[in-house]
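The values are calculated or read from the model by the stated rules, or taken from the named source; none is laboratory data. None of the values given here were measured: they were computed from a predicted structure. Quick reminder, even Gly has a Cβ in these numbers, built from the backbone with ideal geometry, and neighbours come from all protein chains shown. With ligands, DNA and RNA removed, areas are computed over all heavy atoms of the protein, side chains included. Shrake-Rupley method; radii C 1.70, N 1.55, O 1.52, S 1.80 Å.
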Amino acid sequence: LEPSSVTVLLAKPAPRWSLLVGKYLGVIIFVFVQAAIFVVGTWLALGVKTGVWDARYLASVPLLTLHFAIFFSFSVLLAVTTRSTVVCIVGTLLFWLMCWGMNFGRHALLAYLAEHAEIGRSFSGVLEMAYWVLPKPADLGYLLSIGLGADSVFPVHREFKAVIAQKALYMELSLLTSAVFAVLMLLVSAYEFEQADY
């Protein structure tokens, strides 16, 4: 979205939002193809070498693509509002860290409250709201671990065990709300791009 390159795109009669969404979808498709090549290639190589053909490994392609799409939508918003590559890279990494901390922090708090019932739950309401609004990278990582069957080899964090025991982990809703966040970020980005003066 540099002013020198965007002026050529804006001279065309296509609506601004379609340029932005087209570029976003193009990058997502590119990442999907690269992930598919890597995952299918390693799956074939491991299958030929070991004789183990576990199709669960292939589920990592859509999960990795979704994870990227969620945080790339935030990066697009930063690109539209700041027009700075550095801000997009650093801002998205910091945002991912914040979301991971919020996600894992929510699970840690629920695990702590399960062990210490005498402590009040006033802060947990705010944390719960933030958990459902923001993307959930820790949940996506846990889902990938389950999909790959890694939970049988590597120990599951006690926080996830506690949240599962409390029936407070809803993977379908976690995926859905994370995807809705990506769509909302893309809509806000498209609106900002429509209003931007180049």
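Given the criteria out of contact with any Phe, Trp or Tyr (no Cβ under 9 Å at 6 or more places or on another chain) and not aliphatic (A, V, I, L, M), does LYS161 qualify? Let's see the steps before the verdict.
Details: out of contact with any Phe, Trp or Tyr (no Cβ under 9 Å at 6 or more places or on another chain): yes; not aliphatic (A, V, I, L, M): yes.
Yes, satisfied.
To keep it simple, each residue is scored yes or no on (1) over 15 Å from the mean Cα position of the chain (by Cα); (2) among the β-branched types (Val, Ile, Thr); (3) open to solvent by less than 60 Å² (accessible area, probe 1.4 Å).
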position	(1), (2), (3)
LEU134	no, no, yes
LEU144	no, no, yes
LYS161	yes, no, no
ILE164	yes, yes, no
TYR170	yes, no, no
LEU176	no, no, no
VAL183	no, yes, no
| Tabulated pairs, the range 147-164, first under 17 Å from TRP100 (Cα atoms), second hydroxyl-bearing (Ser, Thr, Tyr) and surrounded by fewer than 16 Cβ atoms within 10 Å (Cβ to Cβ), C-beta under 9 angstrom, 6+ apart or interchain | GLU159/TYR112
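When the residues of the range 123-132 are filtered to those that are modelled with pLDDT of 85 or more and either in contact with a strand residue (DSSP E or B) (Cβ under 8 Å, 6 or more places away or on another chain) or among the aliphatic types (A, V, I, L, M) (or both), which remaining residue is most open to solvent (accessible area, probe 1.4 Å)?
Filtering the range 123-132 down to residues modelled with pLDDT of 85 or more leaves 129-132.
The next check asks that each one be either in contact with a strand residue (DSSP E or B) (Cβ under 8 Å, 6 or more places away or on another chain) or among the aliphatic types (A, V, I, L, M) (or both); those that pass are 129-130.
Values: MET129: 129, ALA130: 24 Å².
The extreme case among them is MET129.
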| task | Kindly indicate whether VAL39 is among the β-branched types (Val, Ile, Thr), surrounded by 12 or more Cβ atoms within 10 Å (Cβ to Cβ) and modelled with pLDDT of 85 or more. | result | yes
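Rundown of residues vs (1) open to solvent by 60 Å² or more (accessible area, probe 1.4 Å); (2) at pLDDT below 90, yes/no style:
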| residue | (1), (2) |
| --- | --- |
| VAL8 | yes, yes |
| TRP17 | yes, yes |
| VAL21 | no, no |
| ILE29 | yes, no |
| VAL48 | yes, no |
| VAL61 | no, no |
| GLY91 | no, no |
| PHE95 | no, no |
| HIS107 | no, yes |
| In the range 12-33, what count of residues is obtained for those that are among the charged types (D, E, K, R) and in a helix (DSSP H, G or I)? | 2
| task | Taking ALA111 as meeting all but one of (1) surrounded by fewer than 18 Cβ atoms within 10 Å (Cβ to Cβ); (2) in contact with a Lys or Arg (Cβ under 8 Å, 6 or more places away or on another chain); (3) not charged (D, E, K, R), write down the number of the exception. | result | (1)
| task | Would you mind finding the one in ALA79, ALA59, ALA69, ALA36 that is more than 24 Å from LEU186 (Cβ to Cβ) and either part of a helix (DSSP H, G or I) or of a type in the set (Phe, Trp, Tyr) (or both)? | result | ALA59
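Name the residue, out of PHE154, PHE181, that is out of contact with any strand residue (DSSP E or B) (no Cβ under 6 Å at 6 or more places or on another chain) and within 20 Å of TYR24 (Cα to Cα).
On the way: PHE154 fails: within 20 Å of TYR24 (Cα to Cα).
Result: PHE181 is the single residue among PHE154, PHE181 that is out of contact with any strand residue (DSSP E or B) (no Cβ under 6 Å at 6 or more places or on another chain) and within 20 Å of TYR24 (Cα to Cα).
Do we have PHE71 as at pLDDT 95 or above and either open to solvent by less than 60 Å² (accessible area, probe 1.4 Å) or within 14 Å of the chain's Cα centre (by Cα) (or both) here? Let's see the steps before the verdict.
Working: at pLDDT 95 or above: yes; either open to solvent by less than 60 Å² (accessible area, probe 1.4 Å) or within 14 Å of the chain's Cα centre (by Cα) (or both): yes.
Criteria met by PHE71.
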